[in-house]
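Working notes, beginning with the structure itself.
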Amino acid sequence: MKIGFIGLGNMGGPMAANLAKEGHEVRGFDMADVKVEGVTMAASAVEAATGADVVITMLPNGQILRAVANDVVPAMQASAALVDCSTVDVDSARAMAEQATDANLLFVDAPVSGGIGGAAGGTLTFMAGGSAAAFAKAEPLFDIMGQKAVHCGEAGAGQAAKICNNMVLGVTMIATCEAFALADKLGLDRQKMFDVVSTSSGYSWTMNAYCPAPGVGPQSPADNDYKPGFAAELMLKDLRLSQQAATSADADTPMGELAQALYTQFVENEEGTGMDFSAMLPRFEKRGRG
Ligand code: NAD
């Protein structure tokens with residue numbers, strides 16, 4: 001396939017390289033001066049998109065995505081597919097879908113989980129929204145860049161799945177960290193706390209697979225001075241998207257709202273930027289109730 005790939009950053013770069021490695025003809029564009037193995041660089045997003053069967057975008061946010069789409073949609077050939085893998089707001093995903101459909105194009109919103117390691121290793125999970133025909137066109141590419149692709153429903157469903165999952169993740173990480181900090185103050189050994197909770201009804205992915213306490217449970221960013229992993233500011237981005245969606249859909253999400261407030265404080269006022277999102281544990285450790 002001829003693929004245009006726009007946004008070749010930490011995630012997009014290795015994803016595009018994996019497509020090229022499998023023999024696809026990939027033309028890429030990024031605002032920054034980047035080079036990606038196997039990818040021919042274009043002078044503009046329009047040039048990367050012209051003549052492509054599929055255009056993939058992997059951009060920082062919905063505003064940038066909308067601006068890029070305004071440029072590339074008119075340049076794309078009829079029945080080509082626009083596949084957005086960025087994490088953006090649900091409303092932007094739906095607006096993209098409408099714009100693409102009006103231009104006789106297919107559209108899939110397909111945010112990913114799996115981080116930079118998953119992008120490099122081709123083991124991402126894609127959560128996709130769009131028509132059956134649009135998903136079918138993108139699926140062979142998802143198979144190269146990832147290990148699993150779930151077709152979640154119509155346009156916007158991929159972004160909805162992503163932010164709901166990450167709202168659970170943010171809330172659960174905070175609960176796990178505050179429980180460890182409480183256990184410390186009660187004189188409970190962290191390993192014993194892990195042994196009990198990880199095999200009791202308090203178990204979760206954050207406790208069992210990504211334990212925020214150093215030296216306890218499987219290897220995690222906590223064992224590497226809380227270097228990300230999944231950075232606190234990216235968690236905050238996703239929590240903000242969840243609250244934006246909750247406002248727009250009139251959903252009551254008090255725990256998500258509180259998680260957003262705590263990560264905002266952590267990232268903006270408590271040196272959480274550049275730390276893994278599990279560094280909430282040392283944050284709680286330092287605090288009392290007041
Ligand atoms: P990044 O900042 O490394 O990459 C974004 C790239 O887009 C940059 O190279 C930037 O120069 C380029 N860009 C910005 N505006 C542009 C424009 N107008 N035209 C062309 N290129 C432009 O970010 P990333 O970590 O690769 O993340 C990309 C997306 O994936 C984000 O939406 C993020 O939320 C999501 N995501 C990231 C991770 C992660 O672990 N990094 C995990 C899951 C999802």
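The values are calculated or read from the model by the stated rules, or taken from the named source; none is laboratory data. On a predicted model such as this, the values are computed, not experimentally measured, just so you know. Note: ideal-geometry Cβ built from the backbone for every residue, glycine included; neighbour counts use all protein chains shown. Just the protein is used for accessible areas: all its heavy atoms, side chains included, with ligands, DNA and RNA removed. Shrake-Rupley method; radii C 1.70, N 1.55, O 1.52, S 1.80 Å.
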5 Å is the cut-off here: which amide hydrogens, built 1.01 Å from N in the peptide plane, fall below it relative to Gln77, excluding neighbours closer than 5 in sequence?
Gly51, Ala52
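Enter the per residue convex hull volume of the chain, computed from alpha-carbon coordinates, in Å³ rounded to the nearest integer.
So the per-residue Cα hull volume is 135 Å³.
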For the pair Asn269 and Arg287, the simple spin-label estimate (label points 7 Å beyond Cα toward Cβ) gives in nm 1.0 nm
In Å and from the alpha-carbon atoms only, list the Rg and Dmax of region 28-76.
10.6, 29
When we measure straight from the Cα of Lys21, which aspartates and glutamates land under 12 angstrom away, once same-chain ones fewer than 8 places off are left out?
Glu37
Semi-axes a, b, c in Å (a largest) for region 5-154, each sqrt of 5 times a Cα gyration tensor eigenvalue, come to 20, 18, 14
Could you give the radius of gyration (one decimal) and Dmax (whole number) of the Cα atoms in region 90-173, in Å?
13.1, 43
Amide H neighbours of Ala149 under 5 Å, at least 5 residues apart or on other chains, H built in the peptide plane: list them.
Phe126
Under a 5 Å amide H to amide H cut-off, with H placed in plane at 1.01 Å, what residues pair with Val55 once short-range neighbours are removed?
Gly4, Ala81, Leu82, Val83
Residue by residue through region 170-177, which ³J(HN,Hα) values in whole Hz follow from phi under the Karplus form 6.51 cos²θ - 1.76 cosθ + 1.60 (θ = phi - 60°), with glycine and proline marked x?
x, 5, 5, 4, 4, 4, 5, 5
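Please report the carbon-and-sulfur percent of the accessible area for the chain; probe 1.4 Å, protein heavy atoms only, DNA, RNA and ligands left out.
Ligands and nucleic acids excluded, carbon and sulfur reach 54 percent.
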Once phi is turned into ³J(HN,Hα) by the Karplus curve 6.51 cos²θ - 1.76 cosθ + 1.60 with θ = phi - 60°, what whole-Hz value does each residue of region 22-28 show in order, with x for glycine and proline?
7, x, 6, 8, 10, 10, x
Distance from a point 7 Å along Cα→Cβ of Ala67 to each backbone N in region 18-44: keep the residues under 17 Å and list them by number.
29-33, 44
Please check: in the Gaussian network model of the chain (C-alpha springs, under 10 Å), which one of Ser79, Ser92, Ser248 has the largest mean-square fluctuation.
Ser248
Taking a straight Cα-to-Cα line shorter than 17 Å from Lys162, and setting aside same-chain lysines fewer than 8 residues away, one finds Lys148, Lys237
Output for region 149-236 (equivalent-ellipsoid semi-axes, sqrt of 5λ from the C-alpha gyration tensor, Å, descending) is 28, 14, 12
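Have a look at the DSSP beta bridges in the chain and tell me what percent are antiparallel, nearest 5. Before the final figure, lay out the partial values.
On the way: 4 of 29 bridges.
The antiparallel proportion sits near 15 percent.
Return one whole number: the accessible area per residue of the chain in Å², for a 1.4 Å probe.
Per residue, the chain has 46 Å² of solvent-accessible surface.
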